[in-house]
Amino acid sequence: MAEFLLKRDEFAAGQGLPAAVSHSASASRQWVSEELTQSAEVVAERGRAEGEAWLARLWLRTLYALWSAVVVLLLVQALTAIGAGWTSARTAGLLAALVTAGALTAASWFHRARGGALAPVIGEDNRMSTSRTVAAAWVLFVAYAVLVLAGRLAAASDPAERDALISGLDLARGAGVVTVLAVVCGIAVLVRRVVGLRILAQRLQKVRAHRPRAADLLTDDSGRGTFADIQYVVIGAVALVFAAVRLARRPDQLPDLPWGLAVLVLISAATYLAGKYAEGGRPVILSVVRAREAGDLDGPIRTGDDIEIRGTGFVPPGADTADRLSRMVVRIGPVNVHVPLIPVTGGFNNPTDTMLKVPVPADVEPGLVEVQVVTAGGVATNRCEVEITD
């Protein structure tokens, strides 16, 4: 990556050009674009290989974190038992944690090539899914709470105590938790369906990431923080902490989540779902004009001239790397023209999300032709007609 960035900045400063192409602006631009494209492909290939290797090692890290949490639970229970004494509820909580950790360990082994225990929350675009992560956290918590009650029920010898533990599973006591669990699981399934349909309808552009990151839970595909994701994670985590405290205080029943807090989680989930419906959009060409350099005369578009395509949505989120930018294509009539990479210090000024500059090749026949852009996400824009003169 460092070598690629150095080469890009050298080309942006006009250095490193061979003498054979330095006399022609179009030839030097094409040569620079091809060199950067080849170098970017090498960087991208190594990045994908690194991502696969990192993902294969991730399952061990998840196991370390999982069993560390079990040890922390044991230490907390041992410290809080000083003076109060060890109770059957503490034993049930520890056994439930061991059973949960053991089940996740077995699942991690079978999915060790896909991130271990995190495999179910990694989306098809190789990013951490916010909706799946929130739903998985609630599923694990509810499963742990039921295991705690099962452990206490197995150790109870008094019939009255057993009846009290069984009544702790009544819907009237755990209605808030059950409602939140149903909603967050439904949101996880619905969001996957919504995203899939929007991609098929070309209303949403998705590009695959090299590897998942924890920041994916709070950001969009381009790495910018999004309000819908952040508020969903924060409110879900706060409600989960409150439910965990309620379970610790009353281990003889499902956590009694107040309806006020449950409704707050439901509103947060609805906001997250609305954000998924609102994000994205199809790329659109607004206009096509002749690109004019300093000192050029005004005139019509001719074969060999550069045209400037103005619009929006040309660069999908997460596709701002050189290997993705080099995949953009402009259809001018029957001819496919690859968009050249034009470097500047620190980045590229072509292509951008709102403007593309490409030459009109000699194979384009004079007359009225249609111009269309195909983005790195595989989405084609609307067609715009321009007239090419002799």
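Taking the stretch 264-298, which residues are assigned to a loop (DSSP other than H, G, I, E, B) and either touching a helix residue (DSSP H, G or I) at 6+ places or on another chain (Cβ under 7 Å) or open to solvent by 50 Å² or more (accessible area, probe 1.4 Å) (or both)?
Filtering the stretch 264-298 for residues assigned to a loop (DSSP other than H, G, I, E, B) gives 279-283, 291-298.
Result: 279, 280, 282, 292, 293, 294, 295, 296, 297, 298.
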Those residues of the stretch 258-281 which are in contact (Cβ under 8 Å) with a residue 60 or more places away in the chain, hydroxyl-bearing (Ser, Thr, Tyr) and closer than 14 Å to residue 230 by Cα, in sequence order
272
Tell me which residues, restricted to the stretch 347-372, are in contact with an Asp or Glu (Cβ under 7 Å, 6 or more places away or on another chain) and charged (D, E, K, R).
357, 370
Within the bounds of the stretch 145-153, is there any residue that is open to solvent by 40 Å² or more (accessible area, probe 1.4 Å) and under 25 Å from residue 273 (Cα atoms)?
no
The correct count of residues that are touching a strand residue (DSSP E or B) at 6+ places or on another chain (Cβ under 8 Å), open to solvent by less than 60 Å² (accessible area, probe 1.4 Å) and closer than 20 Å to residue 284 by Cα in the stretch 299-352 is 19
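Just checking, does the stretch 153-162 include any residue being within 30 Å of residue 228 (Cβ to Cβ) and over 31 Å from the mean Cα position of the chain (by Cα)? Quick ask: steps written out before the conclusion?
Filtering the stretch 153-162 down to residues within 30 Å of residue 228 (Cβ to Cβ) leaves none.
No, that holds for no residue.
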Just wondering, is there one or more residues in the stretch 122-134 that are open to solvent by 40 Å² or more (accessible area, probe 1.4 Å), polar (S, T, N, Q) and either touching a residue at least 12 places away in the same chain (Cβ under 8 Å) or assigned to a helix (DSSP H, G or I) (or both)?
no
Might you let me know whether the stretch 43-58 holds any residue that is within 30 Å of residue 94 (Cβ to Cβ), surrounded by 11 or more Cβ atoms within 10 Å (Cβ to Cβ) and out of contact with any Ser or Thr (no Cβ under 6 Å at 6 or more places or on another chain)?
yes
How about the stretch 245-263: which of its residues are out of contact with any helix residue (DSSP H, G or I) (no Cβ under 7 Å at 6 or more places or on another chain) and surrounded by 13 or more Cβ atoms within 10 Å (Cβ to Cβ)?
246, 248, 250, 263
Can you tell me which residue among 334, 317 is under 30 Å from residue 38 (Cα atoms) and touching a Ser or Thr at 6+ places or on another chain (Cβ under 6 Å)?
317
How many of the residues making up the stretch 65-106 are over 22 Å from residue 150 (Cα atoms), of a type in the set (Gly, Ala, Ser) and either open to solvent by less than 30 Å² (accessible area, probe 1.4 Å) or in a helix (DSSP H, G or I) (or both)?
2
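I'd like the residue in the stretch 18-42 that is within 19 Å of residue 306 (Cβ to Cβ) and in contact with a Ser or Thr (Cβ under 8 Å, 6 or more places away or on another chain) and, out of all such residues, is most open to solvent (accessible area, probe 1.4 Å). First the steps, then the outcome.
Step one: of the stretch 18-42, the residues within 19 Å of residue 306 (Cβ to Cβ) are 21-34, 36-37.
Still in the list and also in contact with a Ser or Thr (Cβ under 8 Å, 6 or more places away or on another chain): 21-22, 28, 33, 36-37.
Numbers: 21: 24, 22: 72, 28: 19, 33: 8, 36: 0, 37: 31 Å².
Residue satisfying both the conditions and the ranking: 22.
Can you tell me how many residues in the stretch 235-253 are in contact with a Leu (Cβ under 9 Å, 6 or more places away or on another chain) and assigned to a helix (DSSP H, G or I)?
Filtering the stretch 235-253 for residues in contact with a Leu (Cβ under 9 Å, 6 or more places away or on another chain) gives 235, 238-239, 242-243, 246-247, 251-253.
Add one more test, that the residue is assigned to a helix (DSSP H, G or I), and what stays is 235, 238-239, 242-243, 246-247.
Number of matching residues: 7.
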Inspect all residues belonging to the stretch 189-211 and state whether any of them is under 11 Å from the mean Cα position of the chain (by Cα), crowded, with 17+ Cβ neighbours inside 10 Å and assigned to a helix (DSSP H, G or I).
no
Whether any residue in the stretch 310-327 is assigned to a strand (DSSP E or B), of a type in the set (D, E, K, R) and within 18 Å of residue 366 (Cα to Cα) is what I want to check.
no
So if I check each of 215, 172, which one is part of a helix (DSSP H, G or I), modelled with pLDDT of 90 or more and either farther than 16 Å from residue 275 by Cβ or in contact with a Leu (Cβ under 6 Å, 6 or more places away or on another chain) (or both)?
215
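The values are calculated or read from the model by the stated rules, or taken from the named source; none is laboratory data. Everything quoted here is computed from the prediction, not taken from an experiment. Glycine gets a Cβ as well: all are built from the backbone with ideal geometry, and neighbour counts include every protein chain shown. Areas reflect the complete protein model, heavy atoms only, side chains present, ligands, DNA and RNA absent. Shrake-Rupley method; radii C 1.70, N 1.55, O 1.52, S 1.80 Å.
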